[in-house]
1. For residues in segment 66-94 being part of a helix (DSSP H, G or I) and acidic (Asp, Glu), which is surrounded by the most Cβ atoms within 10 Å (Cβ to Cβ)?
2. Among (1) surrounded by fewer than 15 Cβ atoms within 10 Å (Cβ to Cβ); (2) assigned to a loop (DSSP other than H, G, I, E, B); (3) modelled with pLDDT of 95 or more; (4) not hydroxyl-bearing (Ser, Thr, Tyr), there is one condition residue 63 misses while meeting the rest; what is its number?
3. Filter segment 1-26 down to residues that are of a type in the set (Val, Ile, Thr) and in contact (Cβ under 8 Å) with a residue 12 or more places away in the chain and give me whichever is surrounded by the most Cβ atoms within 10 Å (Cβ to Cβ).
4. Do any residues in segment 55-83 that are touching a residue at least 12 places away in the same chain (Cβ under 8 Å) and more than 30 Å from residue 27 (Cβ to Cβ) have Cβ atoms under 6 Å from those of residues that are in a strand (DSSP E or B) and among the aromatic types (Phe, Trp, Tyr), where the two are at least six apart or on different chains, and which pairs are they?
5. Quick check on my filter: what residues within segment 27-48 are of a type in the set (S, T, N, Q) and loosely packed, with under 14 Cβ neighbours inside 10 Å?
Amino acid sequence: MENDLKVTEHPTLSSENFVVADLKTRSWEICVISVYFEDSLPIEPYLTHLKMIRDKLRPKNLFIGGDANAWSTWWGSELEDHRGEAMMGVMDEMEMHILNEGNDPTSTKA
């Protein structure tokens with residue numbers, strides 16, 4: 001078991017809706033971005049900020065997780081809305097891959 005995990009937070013890139021950190025060991029390194037895109041606000045400024053983070057850090061490995069409040073058939077929605085279309089455009093531009101399985105829920109209600 002590796003106990004040499006180094007976590008570097010990026011407070012200047014993080015905000016109320018973004019948390020950005022690098023995780024690094026002797027054998028691997030990844031940048032992790034956790035996001036929450038409020039459904040009452042336009043998605044485009046969030047996506048612009050996401051691209052800015054990627055462009056500034058230029059990570060070799062990048063994992064983005066969160067709630068974009070967007071619908072897309074790429075992650076199992078029956079329909080695609082404007083937010084899902086915009087999100088998928090940026091994911092494609094950033095050469096990201098969707099890991100959600102279409103039949104698995106992306107959220108649960110308490």
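The values are calculated or read from the model by the stated rules, or taken from the named source; none is laboratory data. What you see is a predicted model; the values in this text were computed from it and never measured. Positions of Cβ are backbone-derived with ideal geometry, glycine not excepted, and every protein chain shown enters the neighbour counts.
1. To start, the set of residues in segment 66-94 that are part of a helix (DSSP H, G or I) comprises 73-75, 82-93.
Retained after the next criterion (residues that are acidic (Asp, Glu)): 85, 92-93.
Numbers: 85: 13, 92: 10, 93: 11.
Looking at the filtered set, the residue picked out is 85.
2. (2)
3. Just the residues of segment 1-26 that are of a type in the set (Val, Ile, Thr), to begin with: 7-8, 12, 19-20, 25.
So of that shortlist, the ones also in contact (Cβ under 8 Å) with a residue 12 or more places away in the chain come out as 7-8, 19-20, 25.
Numbers: 7: 9, 8: 10, 19: 17, 20: 24, 25: 12.
The qualifying residue surrounded by the most Cβ atoms within 10 Å (Cβ to Cβ) is 20.
4. Short answer, once both residue conditions are applied: 67/36.
5. As a first pass, look at segment 27-48 and keep what is of a type in the set (S, T, N, Q): 27, 34, 40, 48.
Within segment 27-48, 27, 40, 48 qualify.
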